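Heads up, the thing below is written out as structure tokens.
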Amino acid sequence: MQFAPLVEPGPALSGPERSRYARHTRLPEIGEVGQRRLAAARVLVVGAGGLGSPALTYLAAAGVGTIGVIDDDVVEVSNLHRQPVHGESDLGRPKVDSAMDRVRQINPYVRIVAHRQRFAADSARRLAADYDLVVDGADNFATRYLVTDACALAGIPHVWASINTFAGQLSVWWAGHGPCYRCVFPEPPPPGSVASCAEAGVLGVLPGVMGALQAAEAIKLITGTGTPAVGRIILHDALAGTWEEVPVRARPDCALCGSEPTILQVHEPAAAPPVPVVSAAAVRRVLGGSGVTVLDVREASEFVEGRIEPSVHVPLGDLLAGQGADLVDRWRATGERVVVYCRSGSRSADAVRYLLDEGVDVAESLDGGIIAWTGLSV
């Protein structure tokens, strides 16, 4: 389905701008009027990481007039294999500052607005309303649901992508014109059921592929060119080198965009209750002692990053599915202290909640996981 251009054309291009965008304006589908629409457009990019890096780069190169970027993180060395908007000299800098410098190098005609903050409920709707569309480069479900709620309530498109290991997904969610994200994914998945890129890994070029496609979808929406990915999810398997798509529809009973919506404001998702934590130093003092068991809930493929020995291994998914019931029964009966660890502390916290609910008296999450234990970088 084609849509009318999202943005009205801005002023006539200057001579230098005509030279810069000559390859764009020669495309009949864009032309000079389309380029003027891009110059007048305002796009917010949520996240200056794996997806945000290529999206920011190509939106700036394309001449999008105002680009906002929101992120509260700093550049770490493990970011660099997939986030080329940052470099070695940016280590330790706020990502929004690094991204802002790069965008200015790419295109001096672009205005970059840096929001060094978390995309949070108290400002999400106002931020979204300041832009024509949002490119969603979030790396967690909590932010993703904030983005979709803010976009739907503001009535603007939500250009979404998701990546993990070798797989990518992309769609344009646009309430009133097609489904919103909640039409297809009404609620976040259970905690710990989907490993993050930090936990499962990701092919470095994959976010480049998907982030560039997000920029393409934004350009199509702004200029009214082609067929945006509204009402379909595009699936990419980088290992197989294949592309597929799945049609999706708006749900009349959607809590966000249905006929009788119940989500009328942007709210922070309910936070999981805190769990007891223990430091790596404290674990080292009791490691191997009686009455203490260390439980590794990572996948076996993650052992390359090191292990704590002695420990027992039950992946989180197996534990939650009851496959460690005999161990849980023993810990409950003996009152044993169980220290749980994963890569960074997220999955181990979910495991601790499960163990406490199952009646284990003392269960603690290793603060910072194997990263803290070995001194690795996320």
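Every number here is computed from the coordinates shown, using simple stated rules; none is lab data. Predicted, not measured: the structure shown is a model, and the values here were computed from it. Don't worry about glycine lacking a Cβ; one is built from the backbone with ideal geometry, like all the others, and counts go over all protein chains shown.
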### Task
Provide 264, 355, 221 in ascending order of the number of other Cβ atoms located within 10 Å of each residue's Cβ, fewest first.
264, 355, 221
### Message
Report for the chain the percent antiparallel among DSSP-assigned beta bridges with both residues inside it, nearest 5.
### Response
35 percent
### Task
Take the alpha carbon atoms of the stretch 302-327, find their center, do the same for the stretch 96-144, and report the distance between the two centers in whole angstrom.
38 Å
### Message
Between residue 26 and residue 357, what is 0.36 nm times their sequence separation minus the Cα-Cα distance? Round to one decimal in nm.
### Response
112.8 nm
### Helical mean residue ellipticity (222 nm; -39500 (n - 2.57) per DSSP H run of 4+; nearest 500) of the chain
-10000 deg cm²/dmol
#### Entry: For a label point 7 Å along the Cα-to-beta-carbon line of residue 313, residues of the stretch 272-293 with backbone N under 20 Å
288, 293
### Whole-angstrom Cα spans of the stretch 32-74 along principal axes, big to small
37, 15, 10
### Task
Please grab the % of Cα pairs in the stretch 111-192 that end up more than 20 Å from each other.
31 percent
### Query
Using the alpha-carbon centroid of each, what span in Å lies between the stretch 210-231 and the stretch 1-30?
15 Å
#### Entry: Alpha-carbon Rg with Dmax, taken over the chain, Å
23.1, 79
### Theoretical gain in end-to-end length, residue 123 to residue 169 [0.36 nm per residue, Cα-Cα removed]
13.9 nm
### Query
For the chain, modelled as a GNM with alpha-carbon contacts under 10 angstrom, which of 86, 24, 236 fluctuates the most?
24
### Query
Full extension from residue 249 to residue 300: what is 0.36 nm times the residue separation minus their Cα-Cα distance, to one decimal in nm?
14.6 nm
### Query
With a 10 Å Cβ neighbour count serving as the proxy for reagent exposure, in which order, fewest first, do 312, 340 appear?
312, 340
### Summary
Under 12 Å by backbone N from the virtual spin label 7 Å along Cα-to-Cβ at residue 113, the residues of the stretch 9-47 are 41-45
### Task
Towards the positive end of the charge dipole of the chain, with charges on Cβ (+1 Lys, Arg; -1 Asp, Glu), say which of 74, 295, 100 has the farthest Cα.
100
